[in-house]
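These notes are about the structure you will find just below.
The values are calculated or read from the model by the stated rules, or taken from the named source; none is laboratory data. This structure is a prediction, so every number in the text was calculated from the model and none was measured. Cβ placement follows ideal geometry from the backbone for every residue including glycine, while neighbour counts extend to all protein chains displayed. Protein only, heavy atoms only, side chains kept; ligands, DNA and RNA dropped before computing areas. Shrake-Rupley method; radii C 1.70, N 1.55, O 1.52, S 1.80 Å.
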Number of protein chains: 2
Amino acid sequence: MAVNLAPPDPDSLQPVAGVELGVAMAGVRKANRRDLLLMRLAQGSSVAGVFTQNRFCAAPVIIARRHLAGGQEVRALVVNTGNANAGTGEDGLVRAATVCEAVARALGCAARQVLPFSTGVIMEPLPADRIVAGLPAAVADLRADNWAAAAEAIMTTDTVPKAASRRVRVGAGEVTVTGIAKGAGMIRPDMATMLGFVATDAKVTQGALETLVRQAADKSFNCVTVDGDTSTNDAFVVVASGASGVVVQGTAELEALGGAIAEVAAQLAQAIVRDGEGATKFITVRIEGGRSTEECRRVAYAIAHSPLVKTAFFASDPNLGRILAAIGNAGIADLDTARLQLYLDDVLVAANGGRHPDYREEMGAAVLAKPEFTVRAALGRGTAAATVWTCDLSFDYVKINAEYRT
Amino acid sequence: MAVNLAPPDPDSLQPVAGVELGVAMAGVRKANRRDLLLMRLAQGSSVAGVFTQNRFCAAPVIIARRHLAGGQEVRALVVNTGNANAGTGEDGLVRAATVCEAVARALGCAARQVLPFSTGVIMEPLPADRIVAGLPAAVADLRADNWAAAAEAIMTTDTVPKAASRRVRVGAGEVTVTGIAKGAGMIRPDMATMLGFVATDAKVTQGALETLVRQAADKSFNCVTVDGDTSTNDAFVVVASGASGVVVQGTAELEALGGAIAEVAAQLAQAIVRDGEGATKFITVRIEGGRSTEECRRVAYAIAHSPLVKTAFFASDPNLGRILAAIGNAGIADLDTARLQLYLDDVLVAANGGRHPDYREEMGAAVLAKPEFTVRAALGRGTAAATVWTCDLSFDYVKINAEYRT
């Protein structure tokens with residue numbers, strides 16, 4: 001039950017010149033399910049990515065990082081669902097490399113020009129042979145107007161495919177930005193999310209693209225949490241094919257393109273929360289008046305990760321003392337609770353260290369009954385702010401994760 | 001549904017000379033429910049406590065800390081359930097002081113010789129008048145063999161009262177240590193738990209008792225977590241009435257008494273996890289081979305707080321890659337995953353960065369089917385170790401917390 005999230009209208013997803021997508025059913029974990037995505041990139045594309053900080057990062061993450069660092073032009077991305085190829089040691093690296101080699105053979109490039117991505121169950125051997133066997137069908141399916149199918153092919157516990165698209169004027173030209181993402185659980189990205197891919201036909205240098213991808217991640221995937229569990233496979237990759245011929249350089253132009261990439265990324269990141277495992281509410285947590293962005297983020301995550309706060313949201317129960325308790329646990333040793341102000345949308349709930357005299361329970365209950373609302377806390381310590389998007393904790397989160405494999 | 005936890009046999013709870021307990025129904029939140037506990041201490045008692053680190057700590061915590069720091073001999077503890085008097089600002093302090101004054105009048109001591117404690121809903125005004133009105137009944141009920149009733153009077157979402165008792169030989173004499181605790185949710189004590197009281201009739205100096213209470217907390221309440229939410233009202237207090245006439249001093253004697261206090265505290269702390277909201281499993285998380293206790297604790301809590309790990313435990317699903325993912329998220333930047341070994345009880349699950357070749361899914365499933373088991377990870381970095389006790393995350397956790405107030 002996703003919160004205010006419909007499948008993308010395929011017609012709204014603009015093809016990106018220089019980028020073709022093909023999907024196939026490889027039977028990685030289940031039969032008759034699209035579980036393989038191949039992206040072929042035109043010569044001259046720039047590619048930049050950010051990856052999970054989890055120390056048990058997956059084999060494909062290690063190899064994708066290595067291939068990106070190698071400086072060879074990237075010509076393909078290959079993504080499988082059903083198996084994360086994480087917690088698989090040396091053998092996992094061999095299997096991921098096998099997939100890259102097969103893609104390279106199929107497309108006529110080198111294996112180090114292929115970036116591999118996997119998502120699914122952790123600590124089980126990747127059935128590389130099935131992926132290799134599925135590649136010809138994916139190659140045959142390659143085309144530019146295939147983003148909707150691609151969004152579907154990377155889903156796991158997602159209930160809705162996630163894709164977004166923008167056209168943006170940059171200097172004299174116009175370019176396209178289109179992206180897809182997946183993820184519903186094990187979502188607390190720390191650099192990126194469990195698979196987000198955004199492509200543009202703008203021409204951007206590698207260095208500039210690396211800056212744009214980091215900035216976009218910080219305004220999007222790095223601001224969402226479902227359950228506080230950082231995945232082993234998080235990856236957010238931006239491709240700039242250059243096929244539009246529009247060269248993007250200079251501060252103003254890069255800002256325009258970066259803005260469009262960040263918008264697409266934010267829409268995808270919010271879609272992940274809206275489709276969070278068991279989610280029935282979409283909640284924006286906004287912390288203001290902090291001494292630093294970092295401490296505002298710490299407070300926002302303390303609220304967004306508290307099981308007690310999340311279950312109260314699920315129940316539409318304005319048991320708002322739980323939010324104060326979460327703020328008190330955020331690790332700000334010199335927080336002056338008397339200066340804190342807590343709002344639900346525009347309702348002032350707490351001030352002077354306690355409930356505001358004008359606050360009535362009905363006012364809080366009315367806000368919490370909505371499928372989307374904002375929790376806003378002003379710390380009264382400075383001018384920094386941060387926003388985090390999250391969802392509630394429902395019976396279905398437990399159900400989904402107690403039954404995911406078995 | 002508590003895990004291997006029965007109500008204490010009242011006959012097993014040794015009275016502590018110099019300590020009397022009285023309970024009453026004050027109707028703080030609900031009628032016809034024991035919700036008020038008064039403890040009267042003999043003259044000459046030493047009292048030491050540790051309290052929550054939550055910045056939104058409750059009004060009674062602030063006052064109890066203040067009264068303890070004042071250096072006046074403590075003569076009474078007063079505890080109410082149904083209302084935490086937390087997130088209540090200046091008005092909360094006034095109401096807690098009102099209760100202390102009423103206790104002082106009833107027992108003939110000064111208000112600053114009374115320590116107040118509250119537990120229940122946060123951010124609602126404490127009905128001090130009802131507590132004051134209930135005091136005469138609690139005074140009339142005061143007696144030394146009333147620990148079982150006291151354990152019951154401090155319950156909130158607890159399903160089983162928690163009490164433990166020991167007799168211990170100290171030097172030439174023998175002393176009693178008896179304690180009670182409550183708590184089932186908002187449990188991740190950081191200094192102490194949501195109300196633990198232990199009393200002994202040993203004679204100990206104030207300074208020595210302060211050391212013993214900190215040591216006992218670190219081996220008990222500070223090692224448990226249900227949901228990672230640190231309460232606003234945590235307090236762990238040890239009373240030494242001295243009424244046995246057995247003077248405890250010197251390293252060996254203090255160690256003997258401290259050991260008994262820590263044992264009682266650990267039994268109570270584990271009882272809190274066994275009765276954790278919705279708990280169906282009791283899990284010991286043991287981390288070894290770390291560079292420091294602090295990093296071992298960080299890894300243990302990363303596992304014990306992961307909703308994905310906890311739901312897999314609930315499902316008895318050996319989806320053990322989730323444990324690796326949690327370890328990878330513990331913030332140890334230079335963790336060498338190839339050196340890590342993961343065990344479920346005695347079953348070696350993972351080594352060399354991935355699943356152990358001898359491991360079979362049935363082996364993990366057999367361990368997880370048990371109501372109690374141990375997750376043990378050897379980090380291969382050093383000689384430090386730490387243990388944390390936790391429970392699983394079930395439908396009932398969500399149910400209890402979605403319905404707690406409404």
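When segment B:343-363 is examined, which residues are found to be open to solvent by 40 Å² or more (accessible area, probe 1.4 Å) and part of a loop (DSSP other than H, G, I, E, B)?
Those that are open to solvent by 40 Å² or more (accessible area, probe 1.4 Å) and part of a loop (DSSP other than H, G, I, E, B): B:D346, B:N352, B:H356, B:P357, B:D358, B:R360.
Filter segment B:33-50 down to residues that are of a type outside the set (A, V, I, L, M) and surrounded by 22 or more Cβ atoms within 10 Å (Cβ to Cβ), then give me how many there are.
Here the count works out to 5.
Take the residues in segment B:282-299 that are within 14 Å of chain A (Cβ to nearest Cβ) and out of contact with any Cys (no Cβ under 6 Å at 6 or more places or on another chain); name whichever of them is most open to solvent (accessible area, probe 1.4 Å).
So the residue we want is B:R298.
Does segment B:127-135 contain at least one residue that is hydrophobic (A, V, I, L, M, F, W, C), open to solvent by less than 40 Å² (accessible area, probe 1.4 Å), within 14 Å of chain A (Cβ to nearest Cβ) and touching a strand residue (DSSP E or B) at 6+ places or on another chain (Cβ under 8 Å)?
no
Of everything in segment A:144-170 that's within 26 Å of A:V247 (Cβ to Cβ) and in a strand (DSSP E or B), which residue is nearest to the chain's Cα centre (by Cα)?
Ranking the candidates gives A:A164 first.
Checking the condition at pLDDT 90 or above, in contact with a helix residue (DSSP H, G or I) (Cβ under 6 Å, 6 or more places away or on another chain), of a type in the set (V, I, T) and under 30 Å from B:V79 (Cβ atoms), which residue from B:V273, B:V248 passes?
Details: B:V273 fails: in contact with a helix residue (DSSP H, G or I) (Cβ under 6 Å, 6 or more places away or on another chain).
Answer to the selection: B:V248.
Taking the stated definitions as given, is A:R55 open to solvent by 10 Å² or more (accessible area, probe 1.4 Å), at pLDDT 95 or above and in contact with a helix residue (DSSP H, G or I) (Cβ under 9 Å, 6 or more places away or on another chain)?
Working: open to solvent by 10 Å² or more (accessible area, probe 1.4 Å): yes; at pLDDT 95 or above: no; in contact with a helix residue (DSSP H, G or I) (Cβ under 9 Å, 6 or more places away or on another chain): yes.
Considered against the rule, which asks whether it is open to solvent by 10 Å² or more (accessible area, probe 1.4 Å), at pLDDT 95 or above and in contact with a helix residue (DSSP H, G or I) (Cβ under 9 Å, 6 or more places away or on another chain), A:R55 comes out as no.
Can you tell me which residues in segment B:58-71 are crowded, with 16+ Cβ neighbours inside 10 Å, small (G, A, S) and away from chain A (no Cβ under 13 Å)?
If the condition is that a residue be crowded, with 16+ Cβ neighbours inside 10 Å, small (G, A, S) and away from chain A (no Cβ under 13 Å), then B:A64 is the only one that fits.
Please specify each residue of segment B:343-354 satisfying the condition of being more than 9 Å from chain A (Cβ to nearest Cβ) and either within 18 Å of B:W389 (Cα to Cα) or not β-branched (V, I, T) (or both).
Once the filter is applied, which keeps residues that are more than 9 Å from chain A (Cβ to nearest Cβ) and either within 18 Å of B:W389 (Cα to Cα) or not β-branched (V, I, T) (or both), segment B:343-354 yields B:Y343, B:L344, B:D345, B:D346, B:L348.
Condition test on A:I261, is it modelled with pLDDT of 90 or more, away from chain B (no Cβ under 14 Å) and closer than 16 Å to A:R214 by Cβ?
It is true that A:I261 is modelled with pLDDT of 90 or more, away from chain B (no Cβ under 14 Å) and closer than 16 Å to A:R214 by Cβ.
If only one of B:V398, B:V388 is open to solvent by less than 40 Å² (accessible area, probe 1.4 Å), in contact with a Leu (Cβ under 8 Å, 6 or more places away or on another chain), at negative phi and of a type in the set (V, I, T), which one is it?
The conditions single out B:V398.
Out of segment A:300-334, which residues are in contact with a helix residue (DSSP H, G or I) (Cβ under 9 Å, 6 or more places away or on another chain), part of a helix (DSSP H, G or I) and either open to solvent by 10 Å² or more (accessible area, probe 1.4 Å) or of a type in the set (K, R) (or both)? Explain how you work it out, then say what you get.
The first filter runs over segment A:300-334 and keeps only residues in contact with a helix residue (DSSP H, G or I) (Cβ under 9 Å, 6 or more places away or on another chain), leaving A:300, A:302-320, A:322-332.
Now restrict to residues that are part of a helix (DSSP H, G or I): A:300, A:302-305, A:307-314, A:322-328.
Result: A:A302, A:H305, A:P307, A:K310, A:F314, A:R322.
Need pairs with beta-carbon distance below 6 Å; first residue away from chain A (no Cβ under 11 Å) and within 30 Å of A:I400 (Cβ to Cβ) and within segment B:377-399, second of a type in the set (G, A, S) and not in a loop (DSSP other than H, G, I, E, B); sequence gap 6+ or separate chains.
Taking only residues 6 or more apart or on different chains, the pairs are B:V388/B:A300; B:V388/B:A304; B:T390/B:A304.
Can you name every residue in segment B:119-143 that is part of a loop (DSSP other than H, G, I, E, B) and either farther than 18 Å from B:N32 by Cα or modelled with pLDDT of 95 or more (or both)?
B:I122, B:M123, B:E124, B:P125, B:L126, B:P127, B:D141, B:L142 - these are the residues of segment B:119-143 that are part of a loop (DSSP other than H, G, I, E, B) and either farther than 18 Å from B:N32 by Cα or modelled with pLDDT of 95 or more (or both).
Going through segment B:327-337 one residue at a time, which ones are of a type in the set (G, A, S) and facing chain A (nearest Cβ under 7 Å)?
B:G328
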